[in-house]
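Participant: Got a structure here, written out as structure tokens. Questions coming.
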Amino acid sequence: MSTTDQQIISPRTKAALQHLRRLKPLDGYSIERYLASSGRLQVRLKRRNVPVRDAGFEDIVLDGSTGRVVGLQVLTSRGDAGRGVVLIDDDGRICNGDSQITVRMADVVVSTTSSVSGSQRRASSSSGMSSSAARSATTPLSDANNELLLKYGLAALGALVALKIIFAALNILSIILLPVAFLYACSNCPTNDSFDAKRELKRVMRGAHLPEEHQPKGFFEQKFNRLAASVTAELATSLGYEIGMTDFVGAAKMAAVKVPVASAEYYWIGILGKWRYIGQREITGNKDD
């Protein structure tokens, strides 16, 4: 398990963090202090809340001789030097290499301000803002503001009442119109005898159901398309076809024409006095399957 404590960092680490924030103010650098699995407290540099390196370090310092930010992994027994890896180059670029370098601790920049004073300033600033917000919250509203709020409240209430009335009227209208629409559909439902399978197949094969941009344009092209559709329909139905009708409570009908030669079954919906082509599907096997 790891614990995060960004308030207690060494002056060397704080100096490195201040340098990065001055160099790249929009990159959102921060320091994470946590307890590693080895039981030692280590620090980790994060950019926009994402660790620059997964591994932690004994300290993160700014090498004043090179301007680079280094993560120290080992310190000498005398504490006059350390070995680690470069995290951020002197121009602000993130370094991904693992080659180790030696840093003289005499060249390391140390922050002169303590982190405790910074936290105290932030705490006093936040308390000042809270007291200011509390004072503004307790300030009574003027008569003009009260009148404006009352107007807005009445307008919102009126809008809700109007919407409720509109929805109630639509419900009543739908209850009245649905039976009328059903009776109209029943009275105009096409009969089974009005469905001519060959004629409808010819219309499908010449593309009458397709959008206008897919229709043949010229006079001769249209005539040739009609002739080709007639010949194809005659050949497809010459060896027989099956017609199936499905009635939908008298308001609509669906016709299905199975053409074994074409290995396809075509579908039409009959509603409001017309037959409309809706699609086809491939069939496998022969007619008796």
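The values are calculated or read from the model by the stated rules, or taken from the named source; none is laboratory data. On a predicted model such as this, the values are computed, not experimentally measured, just so you know. Cβ placement follows ideal geometry from the backbone for every residue including glycine, while neighbour counts extend to all protein chains displayed. The accessibility values were calculated without ligands, DNA or RNA, using every heavy atom of the protein model including side chains. Shrake-Rupley method; radii C 1.70, N 1.55, O 1.52, S 1.80 Å.
Participant: Roughly what would the spin-label model give for Ala144 and Asp247, points 7 Å off Cα along C-beta, in nm?
Facilitator: 7.6 nm
Participant: One quarter of the convex hull surface, Cα atoms only: what value does that give for the range 5-84 in nm²? Please list the in-between numbers first.
Facilitator: Values: hull surface 22.3 nm².
The number I arrive at for the range 5-84 is 5.6 nm².
Participant: Multiply the residue separation of Ala159 and Leu35 by 0.36 nm, subtract the distance between their alpha-carbon atoms, and state the gained length in nm to one decimal.
Facilitator: 38.8 nm
Participant: Probe radius 1.4 Å, ligands and nucleic acids ignored: give me the carbon and sulfur share of the accessible area of the range 1-87 as a rounded percent. Before the final figure, lay out each step's value.
Facilitator: Working: 2360 of 4740 Å².
Within the range 1-87, the accessible surface is 50 percent carbon and sulfur.
Participant: Any chance you could run the full-extension gain for Ile278 through Arg93? It's 0.36 nm times the residue separation minus the Cα-Cα distance, nm to one decimal.
Facilitator: Additional length available on full extension: 60.3 nm.
Participant: I would also like to ask the following. Between Asn49 and Tyr267, what is 0.36 nm times their sequence separation minus the Cα-Cα distance? Round to one decimal in nm.
Facilitator: 72.4 nm
Participant: Rounded to the nearest 0.05, what FRET efficiency do Arg21 and Arg78 give with R0 = 22 Å and r taken as the Cβ-Cβ distance? Could you check?
Facilitator: After rounding to 0.05, the efficiency reads 0.10.
Participant: Loop only per DSSP, at most 12 neighbouring Cβ atoms within 10 Å: give me the trypsin sites (Lys or Arg not before Pro) in the range 28-58, ordered by residue number.
Facilitator: Those satisfying the criteria are Arg40, Arg48.
Participant: Along Cα→Cβ, 7 Å out, is where each label goes; now give me the distance between the ones at Val110 and Tyr152 in nm to one decimal.
Facilitator: If labels sit at Val110 and Tyr152, their model points lie 5.7 nm apart.
Participant: Skip the ligands, DNA and RNA, and give the accessible area per residue of the range 1-79 with a 1.4 Å probe, whole Å².
Facilitator: That works out to 57 Å² per residue.
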